[in-house]
Amino acid sequence: MLPGFAYSASAPHGSKPSGGTMTQLLPHRILACRMALGLAVSALLLSVTSPVSAQEEHLALLRGKLQGELEGIVDGYEGVAGVHIIDLTSGDRFRVNDELVFPQASSIKIPILLELFRRAEEEPGLLRRRIDMTDEVRTGGSGVLLHLTDGGASLSLEDYAIYMIVYSDNTGTNVLIDEMGMDEVNALSASLGAEHTLLQRKMIQPEESARGNENLSTPRDAALIMERIANCDLPMSEASCARVREILEIFKGGPIRNPVPRNVPIAFKPGGITGVSTVWGLVDVPDRPYVISVMSNYGGDGGTVVEAVSAAAYDYFSRLSGITMYGTRVDPEIKRRVRRPGG
């Protein structure tokens, strides 16, 4: 007997109700009762055997494992760390300390890149505008442009942006800050919903850093911006959005990259200064892309926490890549093919 339902035995064929206590049911009432009972039984069986329901329980266990692993990584770090990861397929989010504000080091260069391409929509020819590479614009720290001769080269703003992202070139970054303006970069970040993301100084200004004048963001803000890049939800054309992502995907190393196979594209920008390590990333795992932002301060080698979070995230999302409703795995291309009409 199914729970919640009661059954009574039928009288033998041709017999009469005893003592007149059984009320004769009209045919249409019998049909209605049968239909109601059938629907109830079907609903109960679906609740017990539905693969969607069963798989959601499995996926919830996997999500819980990743969340627990992320919390363990953050708790085990000697400093302070924050994480925000977005599953771009399901919309699931994994968060640890994601609203804390952290210094950004070179990760703040992503909003500068976005402002350049946004502005180029309004100013045709902006990307090709050339700035001479001279001693006057030269900046120390990371990069390769500081090694060029005085006046020996003239680069376009787009080329400066490529050096800024691929080589974390501080000279290229400061040229772009002068051209774009800090207020304009911050206005763009705010318009994207990243109100805690602030560009407040040029690169390699330790005196400003000592005064507390840092470039800032949160793991949540960074993840939101990278999600917008992934969805091309930006104030620019699709072609410009694709070019931004292409520049960010130019191969480079780093803690986020180490656990991920080289053939998996990652659009990212890391950052690091003494006591601080950050990364804003978009990892294009086939069939299961995801956004990842990790930030740390008050610690030693923050690259260890970035790499540990990246490894945990890649393990989770690669496990879901090509997954079927019953947890088996097929080539993602086969899944795409069968989803198409007539597949």
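Computed values, structure above
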{"read-out": "At R0 = 22 Å, FRET efficiency that the Cβ-Cβ distance of S90 and E238 yields, to 0.05", "value": "0.35"}
{"read-out": "Of K252/K335; K202/K269; K65/K269, pairs whose Cα-Cα distance is over 20 Å", "value": "K252/K335; K65/K269"}
{"read-out": "Projected label distance in nm at R128 and H196, using a 7 Å step from Cα toward the beta-carbon", "value": "4.2"}
{"read-out": "Fraction of the pair-distance distribution of region 228-307 above 19 Å, Cα-Cα pairs, percent", "value": "40"}
{"read-out": "Residue exposure sequence - H196, H147, H58, H84 - by fewest surrounding Cβ within 10 Å", "value": "H147, H58, H196, H84"}
{"read-out": "Gyration tensor (alpha-carbon) shape descriptor, region 57-141, a/c threshold 1.5", "value": "oblate"}
{"read-out": "Neighbour-count ranking [beta-carbon atoms within 10 angstrom, fewest first] of M236, M180, M295", "value": "M236, M180, M295"}
{"read-out": "Nearest-0.05 FRET efficiency for D315 and E78, computed from C-beta distance (R0 25 Å)", "value": "0.60"}
{"read-out": "Restricting region 167-226 to trypsin sites (Lys or Arg not before Pro) in coil, as DSSP defines it, with at most 10 other Cβ within 10 Å", "value": "R211"}
{"read-out": "Calculated from backbone phi, Karplus (6.51, -1.76, 1.60) coupling profile of region 113-122 in Hz, x at Gly/Pro", "value": "4, 5, 5, 4, 6, 5, 5, 5, 5, 8"}
{"read-out": "Within region 176-214, backbone nitrogen closer than 19 Å to the virtual label 7 Å beyond the Cα of T274 toward Cβ", "value": "202-214"}
{"read-out": "Calculated from backbone phi, Karplus (6.51, -1.76, 1.60) coupling profile of region 72-80 in Hz, x at Gly/Pro", "value": "x, 5, 5, 5, x, 7, 5, x, 10"}
{"read-out": "Potential extension, E249-Q55 segment - 0.36 nm per residue separation minus Cα distance", "value": "66.5 nm"}
{"read-out": "Pairwise label distance in nanometres, A153 with E207, each label 7 Å out on the Cα-Cβ vector", "value": "2.9"}
{"read-out": "Kirkwood-based Rg to Rh ratio, region 55-339, C-alpha trace", "value": "0.99"}
{"read-out": "Calculated over region 112-195: convex hull of Cα atoms, volume per residue (Å³)", "value": "88"}
{"read-out": "Cβ-Cβ FRET estimate between R262 and V144, R0 fixed at 25 Å, reported to 0.05", "value": "0.65"}
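Here, each number is a calculation from the coordinates, and none is a lab measurement. Bear in mind the structure is a predicted one, so any value in this text is a computation, not a measurement. For neighbour counting, all protein chains shown are included, and Cβ atoms are generated from backbone atoms with ideal geometry for every residue, glycine included.
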